[in-house]
Amino acid sequence: MRKTTLRARTACLLLLAAVSGCVELTGQRIAWFHDVAKDELRILLFYDGVHESANNTQPNGAEQIPKFVADGDVMLLDWYGHINMDDEQKKLDDPSVPELDRDWARLITSIKVEPVGHYREPDGRVGAAQLITIPKVSEFLGKLNGLINRELLRNATAIAEGSSLARTRQRIRAAARQGHQWAALDGQAIRVTIPVHPGEWAREKAKGLSELARHVADALADGAEEQQRRDLRSAVQLLTSLPVSYLDRGDAITIVVGTAKRSGTLRATIRDEYEPSLEKVLVENVKTDLDAELGAAELNQGAKPLPGIVAIRDFGPPEEPVRALLCAASSGPEKRKAALEGLRARAAAFNRDRGVPPAPEDGEDPEKYLAAWKEWYGQMKRYPLPAKEGL
């Protein structure tokens, strides 16, 4: 049987890789909102199930987390996607660093990163949320596209005659010389456009899809390793949790993530393993109790919540207020009554506007109603994969 995992062999396409780090996540959720009027992009990152890597022979997550929070670092999907802001800041004043690298560092450090709070999910796992703000995002994207063009021209090495993408690389470099716009925002959607050679691209698509089909068949075969099935589930969830559109014009391809009119949440379940050794250090360094603050905002509509809480309520994953209300429901009779009312209101709004998976219907037994919400929360973490079927 083929032993190579789906994630490792299709990392460039799926943004997943089987790379170990000191700190790992069970999953990540990413939501964003493009405020066109303010020319600002706000991004929420949810680090689900923060824990120490089982493969790390010298655990030091307890040392990394305080520095990560203090420096305003960012981690995408796992530690291999770690952006070290301190390292980027140091490049700015180092004359030995090439000018282009310093310009990259200047762009990266221009974003504002702040912790929102820590949370405990119904299954007991602890995570943390982060808010990233990019002001003047139109200007930011202009600089980003300019840096990509400079980077492509800096690394413009000779193309071997036998290269399967020689003509495509020539077109990419020609586009870079002309100031091509690689990334753009269309309302809430992210658009990426890449020049290609039609013949080469058709051939590469065929190769890629054939290989992907083989990996899917291996993962679904009798006797397949659980890791293979898990990688397949992760890939499917990542590619379907938000609309992903693909436009092939022949001489260029455009990939669109999200839709122009509506924000959403990109979801990735990375692994099932979790252990609690980093819970204390995480709570100590991300001090705000997100569930308490979000629950207070849900129960007191007149309150003035923190910016991160406002962002979650405005465009965050719909399960976040539910988790906070579930916590409030276990905090005494008075809060319990208000929390149940809040859940009923959430159910009505969700079923009216979205409806999948359907929010629980109220019944005579409050305990069963709360238990149904916990099950719904689990379904949302898996969304849009079926709860008990398929992969």
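Here, each number is a calculation from the coordinates, and none is a lab measurement. Note that this is a predicted model, so its numbers are computed, not measured. Every residue, glycine as well, gets a Cβ built from its backbone with ideal geometry; the counts of neighbours run over all protein chains shown.
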Study note, to complete from the structure: Any GluC sites (Glu not before Pro) in segment 147-221 that lie in a DSSP loop and have at most 10 other Cβ atoms within 10 Å would be Glu161
**Study point:** Dipole of the chain, positive direction: furthest Cα of Pro307, Asn60, Leu385, with charges on the beta-carbon
**Key:** Leu385
Practice item. Count neighbours as other Cβ atoms within 10 Å of each site's Cβ, and list the trypsin sites (Lys or Arg not before Pro) in segment 247-355 that are DSSP loop with at most 14 such neighbours. Key: Arg249, Lys261, Arg262, Lys287, Arg354
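With 10 angstrom as the radius, rank Met85, Met380 by how many other C-beta atoms surround their C-beta, starting from the fewest. If you can, show how the numbers build up before the last one.
Details: Met85 19, Met380 23.
Final ranking by Cβ density, sparse to dense: Met85, Met380.
Below 8 Å, C-alpha to C-alpha, sequence gap of six or more: please give me the relative contact order for the chain in percent. Before the final figure, lay out each step's value.
On the way: 613 pairs, mean separation 74.2, N = 391.
So the answer I get is 19 percent.
Taking neighbour Cβ counts within 10 Å as the exposure measure, how do Val192, Val281, Val286 sort from fewest upward? Mind dumping the intermediate values first?
On the way: Val192 13, Val281 17, Val286 24.
By the 10 Å Cβ count, ascending: Val192, Val281, Val286.
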Exercise for review: Assuming R0 = 41 Å, can you tell me the calculated FRET efficiency for the pair Lys337 and Glu139, based on Cβ-Cβ distance, to the nearest 0.05?
Suggested key: 0.25
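Mean shadow of the chain, computed from the convex hull of its alpha carbons, in nm²?
22.6
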**Study point:** Given charges at beta-carbon only (K, R positive; D, E negative), |dipole| of segment 6-286 in Debye
**Key:** 1280
Exercise for review: Among Leu185, Leu41, Gly81, flag the residue with its Cα farthest along the positive direction of the charge dipole of segment 6-286, charges on Cβ as +1 for Lys/Arg and -1 for Asp/Glu.
Suggested key: Leu185
Check your understanding: Going by how many other beta carbons lie within 10 Å of each one, how would you line up Leu220, Leu165, fewest first?
Key -> Leu220, Leu165
Point to revise | For segment 102-174, the fraction of alpha-carbon pairs in successive 5 Å shells from zero, as % | key: 3, 12, 15, 12, 10, 10, 11, 10, 8, 6, 3, 0
Exercise for review: Please determine, in degrees from 0 to 90 and to the nearest 10, the orientation of helix 137-154 with respect to the longest principal axis defined by the Cα atoms of the chain, where the helix direction is its Cα long axis.
Suggested key: 40
Point to revise | Cα centroid separation, segment 287-340 to segment 65-79 (Å) | key: 25
